[in-house]
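**Student:** Please read through the structure below; I'll follow up with questions.
The values are calculated or read from the model by the stated rules, or taken from the named source; none is laboratory data. What you see is a predicted model; the values in this text were computed from it and never measured. Neighbour counts run over all protein chains shown; Cβ positions are idealised from the backbone, glycine included. Surface accessibility is based on the protein's heavy atoms, side chains included, excluding ligands, DNA and RNA. Shrake-Rupley method; radii C 1.70, N 1.55, O 1.52, S 1.80 Å.
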Amino acid sequence: MFELHHLTAQEQWDWLQRGEITPTELAWHYLERIERLDAGLGAFVTVTSDAALERAAHVEASVPKSAPLWGLPFGDKDLNPRAGVPTKYGSALMADFVPDASDELTLALDSAGAVSLGKTNAPEFGLPSYTESRVAPPARNPWDTSLGAGGSSGGAAVAVAAGLLPFAPGTDGGGSVRIPAAATGLVGLKPSRGLVPSGTGIDKLAGLVVPGPLARTVADAAMLLDAMIAGGDYPFTLRAPRWDGGGLLNAAVRGEGRFQLAVMTTSPWDDAYDITVSAEASAALALAVRELASIGHGIDELALEPDPTYSPAFRTVWQAGASGIPAEGAELELLEPLTRWLVERGRELSARQLAESLAQLAAYERSVIRQFAGVDAVLTPALALTPRPVGWYDSEDPERNFAQQVQYTPFTSFANVTGLPAITLPVYEVAGGIPMGVQLIGRPGGEHVLLSVGAQLERRLGWHRRHPPQW
């Protein structure tokens, strides 16, 4: 039986534009699904039904239909404040926090005419690559609820994959959009540093964290990203290069072009940790290579030049970033072991150590851009392992926990360090239908290439027609 969530976000927007459905009807549809299905999934930590319906009515009456996301529902990640709505940051430390003001990304999506249905689940302060915390149920993979959904945008990924939202924004500081997208069979895109005005990354330590879309189709991801880009003025003079083809949706819809690609299975963590690419991840990569070659793309091989500074420098910056979490004295006991370890180690660092690590990562950025200069995009596994079971990560030993995260997702963090755009595409499925993906990393400002190639693969493989049981 047909239901509204069977439509892509693009199709839903078309229906809204033609008046075949209203924003209120669409919000009701998704709110009903959330109420019925989310208890076993953990996609949302707060559902704002009354505010959502009030917002939908306001959009109908007062927002021009030309708004790029007019009437489309979404969820705010629980790291992005919305005025008057509890924002817990996945932490007992912030259990009672209700912000007075919304952040820039939230305001940008509001200005695009979208309708927030609530807050999607995130781990403590978005630090882990999985979405399990002490203050909310774990975000469970809709394809197999014994498995996790990845993180830190795990709740957003679950909501989109299970048909509780048409698409969702996430934030990505080391893979936090791409990891859960890959784990749940979605498209996840981390844009170039400086591209999105409401989250350039330029004001973040080492420029790591930027917002990006999670969606079922390449075009839906581009649609949401275009709205993020349009939704604000640039607060800095530095910005990412832009292609001259108009909105990124144009590239995603057309899906044109033949490009020179390189395949890579090395990672910057190889010298510091025991990294093994699973048979499932290798099979996904091999399938993508075959399909891309058959389309007519050039395929080279590439290996990262070893750099022993990457692992210690990234760890230092990750710890330094956590050091500013507002916990003092007895409040540190409210933090989970991993977070507390990051905070305490970060506060032990000297200014010299941080400065040296930032310089090393900046040098690494220049090195990787030089190494990738001969190709249009680089293809890697999205994840090294299949989605991990809920409870798999060590909850008491932070060092082992950090190592587990690196072993699960060794290919994502260096795209944040280099500021390069990267997209994960759900090309493959293993026994039981569990999705496995690949990652494409582009040149600075090269989102149009990633979206074009992604659209070509999507047309051949039809991953948007595969759905988990909740569908």
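**Student:** Quickly run through segment 330-350 and pick out the residues that are open to solvent by 20 Å² or more (accessible area, probe 1.4 Å) and over 16 Å from Ser91 (Cα atoms).
**Tutor:** Glu344, Arg345, Arg347, Glu348, Leu349, Ser350
**Student:** Looking at this structure, is Gly118 in a loop (DSSP other than H, G, I, E, B), modelled with pLDDT of 95 or more and not aliphatic (A, V, I, L, M)?
**Tutor:** Details: in a loop (DSSP other than H, G, I, E, B): no; modelled with pLDDT of 95 or more: yes; not aliphatic (A, V, I, L, M): yes.
In short, no.
**Student:** To continue, here is another question. Return only the number of the condition from (1) assigned to a strand (DSSP E or B); (2) over 30 Å from Asp394 (Cβ atoms); (3) of a type in the set (Val, Ile, Thr) that Val59 does not satisfy.
**Tutor:** With respect to (1) assigned to a strand (DSSP E or B); (2) over 30 Å from Asp394 (Cβ atoms); (3) of a type in the set (Val, Ile, Thr), Val59 is out only on (1).
**Student:** Oh, and also: Please go through segment 312-329 and give me each residue that is in contact (Cβ under 8 Å) with a residue 60 or more places away in the chain and either among the aromatic types (Phe, Trp, Tyr) or open to solvent by 20 Å² or more (accessible area, probe 1.4 Å) (or both), ordered by number. Working first, answer last.
**Tutor:** So in segment 312-329, the residues in contact (Cβ under 8 Å) with a residue 60 or more places away in the chain come out as 314-315, 317-318, 320-322, 325-327.
Correct list: Phe314, Arg315, Trp318, Gly321, Pro326.
**Student:** State which residue pairs qualify: first residue among the polar types (S, T, N, Q) and inside segment 93-107, second residue in a loop (DSSP other than H, G, I, E, B) in any location, beta carbons under 9 Å apart, and separation of 6 or more residues or different chains.
**Tutor:** Within 9 Å, the pairs are Ser102/Asn80; Ser102/Pro81; Ser102/Ala83; Ser102/Gly84; Thr106/Asn80; Thr106/Pro81; Thr106/Ala83.
**Student:** While we're here: With the requirement that a residue be open to solvent by 20 Å² or more (accessible area, probe 1.4 Å), without any contact (Cβ under 8 Å) to a residue 60 or more places away in the chain and under 21 Å from Leu338 (Cα atoms), what does segment 396-433 give you?
**Tutor:** Once the filter is applied, which keeps residues that are open to solvent by 20 Å² or more (accessible area, probe 1.4 Å), without any contact (Cβ under 8 Å) to a residue 60 or more places away in the chain and under 21 Å from Leu338 (Cα atoms), segment 396-433 yields Glu396, Glu399, Arg400.
**Student:** Further question on the same structure: Run Ala51 past the list (1) over 26 Å from Trp143 (Cα atoms); (2) touching an Asp or Glu at 6+ places or on another chain (Cβ under 8 Å) and report the number of the one that doesn't hold.
**Tutor:** Ala51 satisfies all of (1) over 26 Å from Trp143 (Cα atoms); (2) touching an Asp or Glu at 6+ places or on another chain (Cβ under 8 Å) except (2).
**Student:** So which pairs qualify, if the first residue must be in segment 38-56 and within 17 Å of Val135 (Cβ to Cβ), the second must be open to solvent by 40 Å² or more (accessible area, probe 1.4 Å) and not in a loop (DSSP other than H, G, I, E, B), the Cβ gap must be under 6 Å, and the two must be at least 6 apart or on different chains?
**Tutor:** Close Cβ pairs satisfying both conditions: Leu41/Arg140; Gly42/Arg140.
**Student:** Considering only segment 40-49, I want to know if a residue exists there that is in contact with a Leu (Cβ under 9 Å, 6 or more places away or on another chain), open to solvent by 40 Å² or more (accessible area, probe 1.4 Å) and aliphatic (A, V, I, L, M). Please lay out each step first, then the result.
**Tutor:** At the first step, the residues of segment 40-49 found to be in contact with a Leu (Cβ under 9 Å, 6 or more places away or on another chain) are 41, 43-44, 47-49.
Checking which are open to solvent by 40 Å² or more (accessible area, probe 1.4 Å) leaves us with 47, 49.
Filter again for aliphatic (A, V, I, L, M), leaving 47.
Taking every residue of segment 40-49 in turn, at least one turns out to be in contact with a Leu (Cβ under 9 Å, 6 or more places away or on another chain), open to solvent by 40 Å² or more (accessible area, probe 1.4 Å) and aliphatic (A, V, I, L, M).
**Student:** So, one more: Scan segment 188-197 and give yes if some residue there is part of a loop (DSSP other than H, G, I, E, B) and open to solvent by 10 Å² or more (accessible area, probe 1.4 Å), otherwise no.
**Tutor:** Residues of segment 188-197 part of a loop (DSSP other than H, G, I, E, B): 191-196.
Right, trim to open to solvent by 10 Å² or more (accessible area, probe 1.4 Å) and you get 193.
Checked against the condition, which is being part of a loop (DSSP other than H, G, I, E, B) and open to solvent by 10 Å² or more (accessible area, probe 1.4 Å), segment 188-197 yields at least one hit.
**Student:** Right, something else. What is the number of the single condition among (1) under 26 Å from Val375 (Cα atoms); (2) under 22 Å from the mean Cα position of the chain (by Cα); (3) not in a helix (DSSP H, G or I) that Asp271 does not meet?
**Tutor:** Answer for Asp271: the failing condition is (2).
**Student:** Go through (1) within 18 Å of Arg443 (Cβ to Cβ); (2) free of Cβ contacts under 8 Å to residues at least 60 places away in the same chain; (3) among the hydrophobic types (A, V, I, L, M, F, W, C) one by one and return the number of the condition Ala252 breaks.
**Tutor:** Evaluating Ala252 over (1) within 18 Å of Arg443 (Cβ to Cβ); (2) free of Cβ contacts under 8 Å to residues at least 60 places away in the same chain; (3) among the hydrophobic types (A, V, I, L, M, F, W, C) leaves (2) as the failure.
**Student:** Read through the list (1) over 28 Å from Leu451 (Cα atoms); (2) part of a helix (DSSP H, G or I), then give the number of the only condition that Ala362 fails.
**Tutor:** Among (1) over 28 Å from Leu451 (Cα atoms); (2) part of a helix (DSSP H, G or I), the lone unmet condition for Ala362 is (1).
**Student:** Could you list, in sequence order, all residues of segment 447-470 that are within 23 Å of Ala162 (Cβ to Cβ) and open to solvent by 10 Å² or more (accessible area, probe 1.4 Å)?
**Tutor:** If the condition is that a residue be within 23 Å of Ala162 (Cβ to Cβ) and open to solvent by 10 Å² or more (accessible area, probe 1.4 Å), then Glu458, Leu461, His464, Arg465, Arg466, His467, Pro469, Gln470 are the ones that fit.
**Student:** Take segment 68-88 and flag every residue that is open to solvent by less than 10 Å² (accessible area, probe 1.4 Å) and under 22 Å from Ala101 (Cβ atoms).
**Tutor:** Leu69, Phe74, Gly75, Asp76, Lys77, Asp78, Thr87
**Student:** Scan segment 10-48 for residues that are within 25 Å of Ala222 (Cα to Cα) and in a loop (DSSP other than H, G, I, E, B) and jot them down.
**Tutor:** Hits for segment 10-48 are Gly19, Glu20, Ile21, Thr22, Ala43.
**Student:** Scan segment 223-234 and tell me whether some residue there is out of contact with any Pro (no Cβ under 8 Å at 6 or more places or on another chain) and closer than 26 Å to Val368 by Cα. Can you show your working first?
**Tutor:** So in segment 223-234, the residues out of contact with any Pro (no Cβ under 8 Å at 6 or more places or on another chain) come out as none.
No.
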